[in-house]
Amino acid sequence: MSEQSPRPRKPGKPYRRPQKDPVRFLAFEALRAVDERDAYANLVLPPLLRKAREKGDFDARDAALATELVYGTLRKQGTYDAIIASCVDRPLREVDPPVLDVLSLGVHQLLGTRIPTHAAVSASVELARVVLGDGRAKFVNAVLRKVAQDDLDTWIERVAPPYDDDPEDNLAIVHSHPRWIVSALWDSLGGGRAGIEDLLEADNERPEVTLVARPGRSTTEELLREEAAVPGRWSPYAVRLSEGGEPGAVAAVKEGRAGVQDEGSQLVALALANAPLDGPDEKWLDGCAGPGGKAALLAAVAAERGATLLASEKQPHRAGLVAKALAGNPGPYQVITADGTRPPWRPGSFDRVLMDVPCTGLGALRRRPEARWRRRPEDLEGFASLQRDLLRTALESVRVGGVVGYATCSPHLAETRAVVDDILKQYPQTELIDARPLLPDVGALGAGPDVQLWPHLHGTDAMYLALIRRTG
């Protein structure tokens, strides 16, 4: 063999260069960004898809497949890890992350899609040759051929413990959630196997895209003229886009007159806006306003009533997003960059205050499936003091007779009722308002007075809301 030869060649078997499959290569790129940079797929994937379309590599079907490969792999990562672990001869932590990403993509094609077995294996091995090299491609081939011998149900029966022996571990593997999150969600639901299984299944479903028609700037009637648009379930300003609907193509969204906003988020803002209070109703505050969805809805409703919204956000770049969301609001508003735990405004300045606090985000796992693998139980401790400080600020910022809305996009009891109960003990001149009547026609809201929304019951993110009136 000459020194210039790229690799040894077997007689009669010429070397074939690997063929780059644009769809699977893009999916691999997205998974690497999620793993290496702690990026979120919903932020990484759109620009990758846009670039591929501009180059002419993708059509709509390619984009749909790439999206399914990325989100499907992330949602089922825990299940697939357990299956892969049973097919390799070393601990999973010793498998290089890029190799594991290729394997996970391959397993999803084998067990989570209708792609034929031979196509799923060959396409994954070809991807491995492109991004990993021929040596590790052989390893990928061997593992995927083992996986291909059985279907998903058979694999789960093999790798998950029986439910009666270890319910939480069984559910963690079957529904691809970390065990501690299964336990926390189960506590929040109050027990019962059917409820937790329905919730975990809902977390693994692709959420609908929901739009909000910002009052005074757009209407649901306008949005419903869009292709694939159907009315929202609960919010009077909500419109859902069915499968294939592209929010970026909606004129009102491009112009900022409407936005993309989960219906649970809309309901929280509207419940605060409609809560009964005593005295004037002129000054509203959104104390943790980034990225601006609730602030834009509140500002629009406030404008209809002659009230003004102050939107405060600590992070400058997120304050910029708030300003963009509120641009064009039909009434007066102000956006400032400020730390909500050390506010620049005077105590008792506001009639209504929303404090949608930073949290673990366990209520939005449908939208950010990778978050479940990043969060740790100790993260709760990091948020705990901040959540309490922000609720204190909210209660001190509202005047006597005014109303505070404490909200989280997490159903974890440590971030919801535990925070509210702790702080209300320190502020005896307050009372909880029953929030349920302020979400008309929405059922299954619990015993009150606070409200917990659920993906499996309401089709929303798992938003929590407690409404608190200051009485003295």
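Overview of values
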| quantity | calculated |
| --- | --- |
| From phi via Karplus (6.51, -1.76, 1.60), per-residue ³J(HN,Hα) for segment 173-190 in Hz, x at Gly/Pro | 7, 4, 10, 6, 10, x, 4, 5, 6, 4, 4, 5, 5, 4, 4, 5, 6, x |
| Table column - 3J(HN,Hα) (Hz), segment 118-132, Karplus curve with 6.51, -1.76, 1.60, x for Gly and Pro | 5, 6, 4, 5, 5, 5, 5, 5, 5, 4, 4, 4, 5, 9, 10 |
| Per residue accessible area of the chain, 1.4 Å probe, in Å² | 45 Å² |
| Extension reserve of the Glu227-Asp153 stretch, reckoned as 0.36 nm per residue once the Cα distance is removed | 22.9 nm |
| Three-way shape call for segment 254-371 based on the alpha-carbon gyration tensor, with the a/c threshold at 1.5 | rounded |
| Relative contact order for the chain, counting Cα pairs under 8 Å that sit 6 or more residues apart, in percent | 12 percent |
| Antiparallel content of DSSP bridges confined to the chain, in %, to 5 | 55 percent |
| Contact order relative to length of segment 309-424, as percent, for alpha carbon pairs under 8 angstrom and 6 or more apart | 30 percent |
| Within the chain, helix-based [θ] at 222 nm, where runs of 4 or more DSSP H residues each add -39,500 (n - 2.57), nearest 500 | -14000 deg cm²/dmol |
| Nearest 10 degrees, 0 to 90: helix 193-203 Cα axis against the chain principal axis | 80 degrees |
| Given (i) 132; (ii) 168; (iii) 212, the label whose value is volume of the Cα convex hull per residue in Å³ derived from this model | (ii) |
| Segment 102-190: relative contact order in percent, alpha carbon pairs under 8 Å with at least 6 residues between | 20 percent |
| Accessible-area composition of the chain, carbon plus sulfur, in percent [1.4 Å probe] | 49 percent |
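The values are calculated or read from the model by the stated rules, or taken from the named source; none is laboratory data. Just so it is clear, the model here is predicted, and its values are computed rather than measured. Accessible surface areas use protein heavy atoms only, side chains included; no ligands, DNA or RNA. Shrake-Rupley method; radii C 1.70, N 1.55, O 1.52, S 1.80 Å.
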